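The values are calculated or read from the model by the stated rules, or taken from the named source; none is laboratory data. Just so you know, these numbers come straight off a predicted model, no measurement behind them. So basically every Cβ, Gly included, is an ideal-geometry build from the backbone, and we count neighbours across all protein chains shown. Note: accessible area is taken over every heavy atom of the protein model, side chains too, but ligands, DNA and RNA are not part of it. Shrake-Rupley method; radii C 1.70, N 1.55, O 1.52, S 1.80 Å.
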Amino acid sequence: MRTTGPAVQPLVTDTRLLAPAAATWLGAGLVGMLPDAGAPLLLTGAAVVCALVMFAVARARRPGTRARMAGWGRPAAVAIAAACGLAGAGTAMAHQAALHGEPLQSWVISRATADVVGVVITEPVTTHPRGGRAWQESTQVRLATTRIAARGTRVAVEVPVVLRVREPALLPEPGTWVRAVGRLGPAMPGSDAAAVLYVTSIEEWAGPGPVDRTAHAMRIGLRAALDGADPDAGALVAGLAVGDESTQPPDLADAMRRSGLAHLTAVSGGNLAIVVTAAMAAAVVMGLPLLGRLMLVLCAVAGFVVLVGPQPSVLRATAMATVVLVGALAGGRRAGPSVLAVAVIVLVLLSPGLSTSYAFALSVMATGGLVLLAPAIQARLVASPARRLPAALREALALTLAAQAATLPVLVLMGAAAGWVAIPANLLAMPVVPLVTVLGLAAAACSPVLPGLALALAHLAAWPAAWIAAVARAASQAPLAVLPWPSGAAGVALLALAVAGLAAVRHWSPGLLRAASPGALLAMALALGLWLVSPPERRSWPPPDWLVVMCDVGQGDMLVLHAGPGAAVVVDAGPDPALADGCLARLGVDRVPVVALTHFHADHVDGLPGVLRGRDIGSVLVTPVRDPPEEAAAVARLLADRGLAAAVARPGQVGITGQVAWQVLWPRRVIADGSFPNNASVVLLVEVRGRRVLLTGDVEWAAQSALLPDLAALVPRLAARGIDVAKVPHHGSADQHSGLPGVVGAGIALVSVGAGNPYGHPAPATVAAWQAAGALVARTDLSGDVAVVATEAGVGLVVSGGMLPS
């Protein structure tokens, strides 16, 4: 008789709190995405649903219903989730009310001049916009305000405000009390700041305390210790140790992004996990008891937060890193999901703005992947031929695969790089990341008192950091480093279909997956993906007989009108010089006789250096309204450096260059309603080889209403075909005149819009209105670069990738 040992019980994880965490996140996120008028309605509906569910649960628990109580576990769970969702929505509404209360909101909308008093809470950060446009650099800090005054009114208000200046020397170090005067403006989408203050003057009221002063000295000391090191390596040491990306060269930042390594230089839970591990190791070596070890770890985490700065991303990373530590102390892997869920609930309730933050989503998904997916992946690796690999390598591979798989939907949704190189690049880089981080932190810690030792430690850390830089640059240049996968909701839907297809194959034909080698499956998946998202037109770009190309520059505008061989008229330049330059390079444009900037918003002018790069430029036309003034001044400086000067476009002005003729239709007068700069956009009627194109900039309803009578009188006077192509105003926003599509009567409507943008562009009603008027609507977020080509019947459309127009 054969006896057997006790059965091995599978690891069961506690996932009961995941639904309440998701409900809390969803409730806060819906409030954050809905307009102000819709949030109370959502909260009321959620409260009604929550009350009904709780009433049902309470009724089920009344005396005499004991026999049925076992069946009410699921309703109870629903009630808890509903309550958490209601709490998330309520705190989000309170948070929005605090950030956008009156009179501050009115001051921000009208861009009032304000006097702000508060304390600086972050290190000054100089932004290096993509493409290396130094003319558009700015430096900013976050300010915790105590008082804001504008237009004769002073209010005591405690909100975060971003101070932005052109001269970095104006900004003091963290902990300094200041009084700043400047012009208010809206914060960037997704930011938890109440406003941005474009500073004109700043006055220090009180210096920082000893803790802030010491942390600032450490950060400055680390930068000084890295002087003389390789630029790439030095930038990565500062980034991995204290999250300082200000010295990172733009080409290295792009290589890190394309190779899937950009997360290394952003302060995350991984950084804190390294700090915790190093502190625990030091405590063990010192022979400290358990309480002493915990105290040392807590001190190390607190010191790291002070050194890096209590920014939202740092506090978020601290909470996510705590998941690993608390999970290990409270029950190992089984408790991991519950600890993660509690962290999500607490963070969202304390800072509801995180619910709509991509960075927060990436942190949660990555941590969830490590907690939920990594053990399963590691078990599969043990049961596969990979069991021959060393145990440490198998664990590293499982962690990398889990994190990449969990964050892939978020990366696709936000339009970030997604490619096969991310996994091998992370496997090659991760072994040296702890060494770089620990040595960099040690260099920063001793720099104020032992600069010589700090210099040695910093240069020692630069050696492994140079390896990371080499991996990033090599991986970013690999074939298909970034797959041409559609972004936004369409990309996530395609990803879901791919996963469902693999699951179906695994269910119905498990032998097929076992028989096929991983390499063959990867090759087939790549071939299929390229075939789906890369039509033949991409391989022969630009198409013959192209007239107009709307460049895919993200959330912005850039249109190119074919003026002849190697020449084009460019209308707007988009937000990114690299994207603008790339679009013109693909079209073979080396001469730009005319550049027209419809207005001075950043999404239309920040790409101008890319248009000017290495090309002969003729004249530059601009709107007469120099607003925003800082953007207009930056454009003027850039043109002056090239020996150019802008001319103001006037209504009725006409011009011709090559095969392009144009006429200025707007602005004829100042429109006070809505956005002042948008409604002052230059509107052009252009003719390219006999085909007419209406370019509308970002004019909103008010300007469209004023322009509509002129268009109604103009269109009938045109030839039989009328207007062939129209650019939908303002990226297809909802602020449109319902009569515009019908009056214009264009057969093709172009929408320049960024995938997954936070503004909801284009509005479904706007797209439907142009389609109802008989137009074929093409969008850059779905189709990439869009070309209008000449045909015998008039015009046609060719897209560079993604989905066909509808």
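All conditions but one from (1) under 26 Å from LEU450 (Cβ atoms); (2) modelled with pLDDT under 85 apply to LEU222; the one that does not is (2).
For region 746-757, indicate whether the set of residues that are part of a helix (DSSP H, G or I) and either at pLDDT 90 or above or over 14 Å from GLN771 (Cα atoms) (or both) is non-empty. Full working, then the answer.
We begin by selecting, within region 746-757, every residue part of a helix (DSSP H, G or I); these are none.
Looking for residues that are part of a helix (DSSP H, G or I) and either at pLDDT 90 or above or over 14 Å from GLN771 (Cα atoms) (or both), one finds none in region 746-757, hence no.
Considering region 714-741, and only residues there that are among the charged types (D, E, K, R), part of a loop (DSSP other than H, G, I, E, B) and surrounded by fewer than 22 Cβ atoms within 10 Å (Cβ to Cβ), the residue that is modelled with the lowest pLDDT turns out to be ARG721.
For region 786-796, how many residues meet the condition of being under 14 Å from PRO544 (Cβ atoms) and touching a strand residue (DSSP E or B) at 6+ places or on another chain (Cβ under 7 Å)?
Going through region 786-796, the residues under 14 Å from PRO544 (Cβ atoms) turn out to be 787-792, 795-796.
Filter once more, keeping what is touching a strand residue (DSSP E or B) at 6+ places or on another chain (Cβ under 7 Å): 787-790, 795-796.
Selection size over region 786-796: 6.
For region 189-214, the candidate set comprises residues that are assigned to a helix (DSSP H, G or I) and within 14 Å of PRO172 (Cα to Cα); within that set, the residue that is least open to solvent (accessible area, probe 1.4 Å) is ASP212.
Quick check on region 557-569. Is at least one of its residues in a loop (DSSP other than H, G, I, E, B) and crowded, with 22+ Cβ neighbours inside 10 Å? So that I can check it myself, show each step before the final result.
Going through region 557-569, the residues in a loop (DSSP other than H, G, I, E, B) turn out to be 557-558, 565-566.
Pick out the ones that are also crowded, with 22+ Cβ neighbours inside 10 Å and you get 557-558.
Within region 557-569, one or more residues are in a loop (DSSP other than H, G, I, E, B) and crowded, with 22+ Cβ neighbours inside 10 Å.
Please verify whether region 120-128 includes one or more residues that are modelled with pLDDT of 85 or more and surrounded by 15 or more Cβ atoms within 10 Å (Cβ to Cβ). Looking for residues that are modelled with pLDDT of 85 or more and surrounded by 15 or more Cβ atoms within 10 Å (Cβ to Cβ), one finds at least one in region 120-128, hence yes. Selection of first residues in region 582-603 that are over 17 Å from ASP616 (Cα atoms) and of second residues that are of a type in the set (Lys, Arg) and open to solvent by 10 Å² or more (accessible area, probe 1.4 Å), restricted to Cβ pairs under 9 Å at least 6 apart or on distinct chains, gives the following pairs, ordered by first then second residue: PHE600/ARG626. Checking the conditions here, which among GLY131, GLY182 is modelled with pLDDT of 85 or more, closer than 26 Å to VAL635 by Cα and either part of a helix (DSSP H, G or I) or not hydrophobic (A, V, I, L, M, F, W, C) (or both)? The conditions single out GLY182.
Count, please, the residues in region 564-577 that happen to be closer than 12 Å to GLY588 by Cα and in contact (Cβ under 8 Å) with a residue 24 or more places away in the chain.
Initially, region 564-577 is screened for residues closer than 12 Å to GLY588 by Cα, giving 564-568.
Then drop every residue that is not in contact (Cβ under 8 Å) with a residue 24 or more places away in the chain, which leaves 564, 566-568.
Total meeting the criteria: 4.
If you check VAL728 against the conditions, is it among the β-branched types (Val, Ile, Thr) and within 21 Å of ALA793 (Cβ to Cβ)? No: the conditions fail for VAL728. Which residues, taken from region 740-757, are in contact (Cβ under 8 Å) with a residue 60 or more places away in the chain and within 14 Å of HIS730 (Cα to Cα)? Selection gives LEU750, SER752, VAL753, GLY754, ASN757.
Tell me whether region 540-547 contains one or more residues that are modelled with pLDDT under 90, under 30 Å from the mean Cα position of the chain (by Cα) and farther than 22 Å from GLY690 by Cα. Looking through region 540-547, at least one residue is modelled with pLDDT under 90, under 30 Å from the mean Cα position of the chain (by Cα) and farther than 22 Å from GLY690 by Cα.
Quick check: is even one residue across region 538-555 closer than 21 Å to LEU639 by Cα and outside any strand (DSSP E or B)? Within region 538-555, not a single residue is closer than 21 Å to LEU639 by Cα and outside any strand (DSSP E or B).
Give region 351-366 a look and list any residue that's polar (S, T, N, Q) and open to solvent by 20 Å² or more (accessible area, probe 1.4 Å), or say none. SER351, THR356, SER357, SER363, listed by residue number. Does ALA596 fit the bill of being assigned to a loop (DSSP other than H, G, I, E, B), within 31 Å of the chain's Cα centre (by Cα) and closer than 30 Å to PRO543 by Cβ? No, not satisfied. Report yes if ALA51 is modelled with pLDDT under 75 and not β-branched (Val, Ile, Thr), otherwise no. When the stated conditions are applied, ALA51 passes them. Mind checking whether some residue in region 742-749 is within 24 Å of ASP603 (Cα to Cα), of a type outside the set (A, V, I, L, M, F, W, C) and surrounded by 16 or more Cβ atoms within 10 Å (Cβ to Cβ)? Within region 742-749, none of the residues are within 24 Å of ASP603 (Cα to Cα), of a type outside the set (A, V, I, L, M, F, W, C) and surrounded by 16 or more Cβ atoms within 10 Å (Cβ to Cβ). Answer yes if at least one residue in region 756-763 is under 28 Å from the mean Cα position of the chain (by Cα) and under 20 Å from LEU494 (Cα atoms), and no otherwise. Yes. Just so you know, in region 778-806 the residues that are open to solvent by less than 20 Å² (accessible area, probe 1.4 Å), touching a helix residue (DSSP H, G or I) at 6+ places or on another chain (Cβ under 9 Å) and within 15 Å of LEU559 (Cα to Cα) include one that is modelled with the lowest pLDDT, and it is SER800. A single member of VAL725, VAL751, VAL786 is under 20 Å from ASP572 (Cα atoms) and out of contact with any Leu (no Cβ under 7 Å at 6 or more places or on another chain), and it is VAL751.
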